[in-house]
Structure formats: C-alpha cells, structure tokens
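Visitor: Here's a structure for you.
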Amino acid sequence: PRERVILSNEDKVFWPGEGITKGDMLAHYRAIARWMLPYLKDRPIVLTRYPDGIEGTSFFQHEAPDYLPQWIRTEKMRKGSKEDKRYILVEDADTLMFIANLATIPIHIWSARVGSIQQPDYCILDLDPKAAPFSDVIEVAKEIHRICTELELPHYLKTSGASGLHVLIPLGTQLDHDQATAFAELLARLCVKRLPDKATIQRAVEQRDNRVYVDYLQNGYGKTIAAPFCVRPLPGAPVSMPLKWSELKAGLDPRRYHVGNAARRMRSMRADPMAPVLEELPDIGAALGKLAALV
C-alpha cells in the first residue's frame, strides 16, 4: 500500500514579491490535477527545483532521486550517447503532489510517450519574443493559425507561462522526431515568408532584429516544453494556460493566468480547449503536400 504524500514547508514564501507560498503552489497543483494529468501520463518529465523559492538557487533534475517511493513509476531512457537515466512519470495526482512538494516549479515534459518514445504525439512551434512586443507574438500566432487552417491541420494554443506562446499540432505518432522537426521547420519558414518583419528563425538573438523567434527545434528527441498548467518561476506565479483561438487577440496577457485563478478558469470552461492534441490523427501527408507548394 502506498503511503500518504507528506507535504512540507507549506508556509515558505516562494514568490517574495507577492508573498505567494509553497502551499499556494501545492494547492494549485491539487486543484488543477484532473486537467493536467492527461498531458503528463506515460511521459518522461524533467524537474527544475527551487528549494528556496524563485529568488534562490535552482537546479535541473532529469534522473529520479534514490529516495523516490516505490509506488512512483519510473522508466529508463537514453539521451544521446549517454547511459540510460531513470525518469519519473507522473501517472496520478499523488505523484504530481510528490514532485511539486520537491519544490519543482516548472515541470517540463517530453513530446512522446514511453510506449512510442521515437514518435511524438505533437509538433511544437515555440514563439519566443525576447525583445519583441507581445503584440507581435499574437500576430505571429495568428499567422500560424491561418496557415494551419489552410492546411486543414488541427492546431492548439497555450501560453508558455513565461513571455511566449506555444502552438501544438497533433501528429498521433505518425512521424519520428526528425520528421516532426522538419515539418515544424517548413511551417516556421512559411510563417517567416509571410511575416518577414515580425517573425524569424534566427537562433542567434543578436540576428533577430527584435522579431519573434519561431523555434521549431523543440521537436527533437528528449526535448521538452513547459507542461500545460505548470507554474513558472516568474513574478506573480504565472501558469502555462491552454487557450481557445478566439482568445488570441489584442490585450491578451499571459500573466493573467496564475496559481490563484487557473483552476477556477478551467472549472468555468466546458472543456480544456487543448485536450484533443493528445488524440487526433490528422492527414499529415496531405498537409505536407500543400505545405511544400507554399514554402
């Protein structure tokens, strides 16, 4: 029988600017678990731990710690030529609470599940503004929305929880990671072709000229993104939030969604607008044929 997850240091202030505590973060994860767990199930995760809150020292943790309870599922994965590492899989609310209690603030997830680890469930376009205004991020996301609509590709939107937006396109394990990266690159190049003043695929920040970076390289094997509903180590404790496309308009502020209101928002919506990304099987061949002609 599994032991109860004992929560610790709930009064410790993790976000000093607002006095938001570790307990506030744990309450968020408890309340959001039913919407968040489908995105975590069967997926290796990477923890970033902030034992003294967001202004303290942080560290990445890929490998499951030795003191993990027996009932928490782990799987061995290989990254590159390195030896296998044991990754945590968050299969239930108890595991989510256990890793949150380790002072894990962002929870990063792989795009593939362990049963099909070479074939991602979705393709990612990560819109990173750096010096660009968020209004330009909105315009670039709208252009990707138009492109995917033309290609008859289902596509979903969330805030990164930081300064950008993520567009996810379901693949249904039809492509491997290299193919998913190439597919995302074509979409990114078409977006840049149509919005050359606002979008770029230049990795080097100094060559971006204050344009929004359309990052298609997060589709490689073992690459991760911030999980939907995870909290970020930024002022106000913002949360990565799935959005309806109708919400993508002037005035959208990703900081609007945070540990204090995320679960309330989801309870007020009839369904999670991004949930289908985990199940859909679009006609990728047809979309690629149209896309090749446009790029």
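Visitor: What is the Cα centroid distance between the stretch 2-70 and the stretch 80-158, reported in whole angstrom?
Guide: 18 Å
Visitor: Under a plain spin-label model, where a point goes 7 Å from the Cα along Cα-to-Cβ, how far apart in nm are R194 and D253?
Guide: Placing both labels 7 Å beyond Cα along the Cβ direction yields 2.9 nm.
Visitor: Distance from the Cα centre of the stretch 165-182 to that of the stretch 186-255, in angstrom?
Guide: With the stretch 165-182 and the stretch 186-255 each reduced to a Cα centre, they are spaced 15 Å.
Visitor: How high is the FRET efficiency between R86 and E279 when r is their beta carbon distance and R₀ equals 25 Å, given to the nearest 0.05?
Guide: On the way: r = 28 Å, r/R0 = 1.12.
Working from the Cβ atoms, E equals 0.35.
Visitor: Run the helix sum for the chain: -39,500 (n - 2.57) per DSSP H stretch of 4+ residues, divided by residue count, reported at 222 nm to the nearest 500 deg cm²/dmol. Could you put the intermediate results ahead of the total?
Guide: On the way: 6 runs with 81 residues, N = 295.
The helix contribution divided over the chain gives -9000 deg cm²/dmol.
Visitor: Now a separate question. Can you give me the angle between helix 22-40 and the longest principal axis of the chain, using Cα atoms only, in degrees from 0 to 90, rounded to the nearest 10?
Guide: Tilt of helix 22-40: around 50 degrees.
Visitor: Also, quick follow-up: Relative to a virtual label point 7 Å from the Cα of Q118 in the Cα→beta-carbon direction, which members of the stretch 45-87 show backbone nitrogen distances below 15 Å?
Guide: Hits in the stretch 45-87 for Q118 at 15 Å: 78-80.
Visitor: OK, next. Please compute the alpha carbon radius of gyration of the stretch 1-55, then divide it by the globular-protein estimate 2.2 N^0.38 Å. Two decimals is fine. Walk me through the numbers on the way to the answer.
Guide: Numbers: Rg = 13.3 Å, N = 55, 2.2 N^0.38 = 10.1 Å.
Compared with the compact-globule rule of thumb, the stretch 1-55 sits at 1.32.
Visitor: Cα axis of helix 284-294 to longest principal axis of the chain: angle in degrees, 0 to 90, nearest 10?
Guide: Approximately 50 degrees, to the nearest 10.
Visitor: Specify the residue with the greatest mean-square fluctuation among G164, G115, G23, computed from a Gaussian network of the chain linking alpha-carbon atoms under 10 Å apart.
Guide: Taking springs between Cα atoms under 10 Å, the residue moving most is G115.
Visitor: Taking amide hydrogens as modeled 1.01 Å from N in the peptide plane, which residues meet the under 5 Å criterion relative to Y87, leaving out close sequence neighbours?
Guide: A64, E75, K76, M77
Visitor: Could you check which residue among E55, E185, E206 shows the biggest mean-square fluctuation in a GNM of the chain with a 10 Å Cα cutoff?
Guide: Result for the chain, Cα springs under 10 Å: E206 fluctuates most.
Visitor: Counting other Cβ atoms within 10 Å, which chymotrypsin sites (Phe, Trp or Tyr not before Pro) in the stretch 1-78 have at most 10 and lie in a DSSP loop?
Guide: On the way: sites: F14, Y29, W35, Y39, F59, F60, Y67, W71; in loops: Y67, W71.
For chymotrypsin sites (Phe, Trp or Tyr not before Pro) across the stretch 1-78 that sit outside H, G, I, E and B with at most 10 neighbouring Cβ atoms in 10 Å, the list reads Y67.
Visitor: Straight-line reach only, C-alpha to C-alpha below 17 angstrom: list the aspartates and glutamates that K198 could link to, leaving out same-chain residues fewer than 8 apart.
Guide: Cross-link targets: D126, D128, D136, E139, E143, E185, E206, D209, D215.
Visitor: Multiply the residue separation of R34 and E10 by 0.36 nm, subtract the distance between their alpha-carbon atoms, and state the gained length in nm to one decimal. Let's see the in-between values first.
Guide: Numbers: separation 24, 0.36 × 24 = 8.64 nm, distance 2.17 nm.
Result: 6.5 nm gained on full extension.
Visitor: Going by alpha carbons, how many degrees (0 to 90, nearest 10) lie between the helix axis of 177-194 and the longest principal axis of the chain?
Guide: 60 degrees
Visitor: By how many nm would the segment from V205 to L217 grow when fully extended, if each residue of separation counts as 0.36 nm and the alpha-carbon distance is taken off?
Guide: Details: separation 12, 0.36 × 12 = 4.32 nm, distance 1.51 nm.
Using 0.36 nm per residue and subtracting the Cα-Cα distance, I get 2.8 nm.
Values in this text are rule-based calculations from the coordinates and carry no lab data. In this text, all values refer to a predicted model and were calculated from it rather than measured experimentally. Reconstructed Cβ throughout: ideal geometry from the backbone, glycine too, with neighbour counts over all protein chains shown.
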